[in-house]
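Engineer: Quick one: structure below, then a few questions.
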Amino acid sequence: MVTVKWFGHCCYQIQNTTTILTDPHDGPSLGLPTPDSQPDIVTISHPHEDHASGRHLFSDATILEEPTHTQIKGATITGVKAYHDDAKGARLGPNTIFVIEIDSIRFAHMGDLGHPLTERHLKEMGHVDILMQGIGREPGRAEENIAKLNPKVVMPMHYNTPGIIFPWFQLPEVDDFIRDKPHRRIGGNEATYTHDTLPETTEVHVFSLER
């Protein structure tokens, strides 16, 4: 069994006997609560403030922020080289996709992927059960990558939430993204998953942020 907890924006905690925290913000810089986590591992897709301002809070953790393939405390983690834009990083820099396998469930955290997935990306990523996908500036691109990966669960991120401070562009509403899609509102910021109880076809699971 794996427990997933959302701390807002792109910061998710994936936990069984090992605790992994993705793209940690510090809380106040985004107008969100500070992530209450004691991770063994922290993954950072790219160094922009809204994805990495909280790294100093977790200095005891193993920090992964580059393409890699490693096993730590029972988790297998693959970092796949990608970019934050469609110009091979010329405008916004690199972005590492992290694929995390824990308790037979394969998660993929896309960070701020800024281009369509290529065959190379799909091969390096392999099968994905649960996809943490930013809907951000280009929801259509997110839709395209979801179709290519065909996960069992999509957990949206990088969208407008009450009180968030995000001056760079207008964040989309998650309700627009889930319209006409099979979806489930979690009713909190935490849910548990097992491989055998994942849905048969793709569902979007929407967490709500506790303040």
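Engineer: Please work out which one of (1) over 28 Å from GLU66 (Cβ atoms); (2) surrounded by fewer than 18 Cβ atoms within 10 Å (Cβ to Cβ); (3) of a type in the set (Phe, Trp, Tyr) is the condition PHE177 fails and give its number.
Structural biologist: (2)
Engineer: Taking the range 119-135 on its own, how many of its residues are crowded, with 21+ Cβ neighbours inside 10 Å and part of a loop (DSSP other than H, G, I, E, B)?
Structural biologist: Total satisfying the criteria: 2.
Engineer: Continuing with the same structure: State which residue is modelled with the lowest pLDDT when the search covers only the range 93-113 and only residues that are part of a strand (DSSP E or B) and among the polar types (S, T, N, Q).
Structural biologist: Result: ASN95.
Engineer: Restricting attention to the range 148-189, which residues are free of Cβ contacts under 8 Å to residues at least 40 places away in the same chain and among the polar types (S, T, N, Q)?
Structural biologist: ASN160, GLN170
Engineer: Every residue in the range 82-113 that is surrounded by fewer than 23 Cβ atoms within 10 Å (Cβ to Cβ) and aromatic (Phe, Trp, Tyr), please.
Structural biologist: Once the filter is applied, which keeps residues that are surrounded by fewer than 23 Cβ atoms within 10 Å (Cβ to Cβ) and aromatic (Phe, Trp, Tyr), the range 82-113 yields only TYR83.
Engineer: Just one of the numbered conditions (1) outside any helix (DSSP H, G or I); (2) surrounded by 14 or more Cβ atoms within 10 Å (Cβ to Cβ) is not true of PRO116; which one?
Structural biologist: Result: PRO116 passes all but (2).
Engineer: If you don't mind, another one. Does THR17 satisfy the criteria of being part of a strand (DSSP E or B) and more than 19 Å from GLN133 (Cβ to Cβ)?
Structural biologist: No; evaluated as a whole, the condition is false for this residue.
Engineer: A further question follows. Let me confirm something: among ILE77, ILE14, ILE72, which residue is at pLDDT 95 or above, more than 20 Å from TYR159 (Cβ to Cβ) and crowded, with 16+ Cβ neighbours inside 10 Å?
Structural biologist: It is ILE77.
Engineer: Residues of the range 153-184 being closer than 17 Å to ILE130 by Cβ, over 15 Å from the mean Cα position of the chain (by Cα) and not aliphatic (A, V, I, L, M), which ones?
Structural biologist: Selection gives PHE177, LYS181, PRO182, HIS183, ARG184.
The values are calculated or read from the model by the stated rules, or taken from the named source; none is laboratory data. This structure is a prediction, so every number in the text was calculated from the model and none was measured. Positions of Cβ are generated from backbone atoms using ideal geometry, with glycine treated the same way; all protein chains shown enter the neighbour counts.
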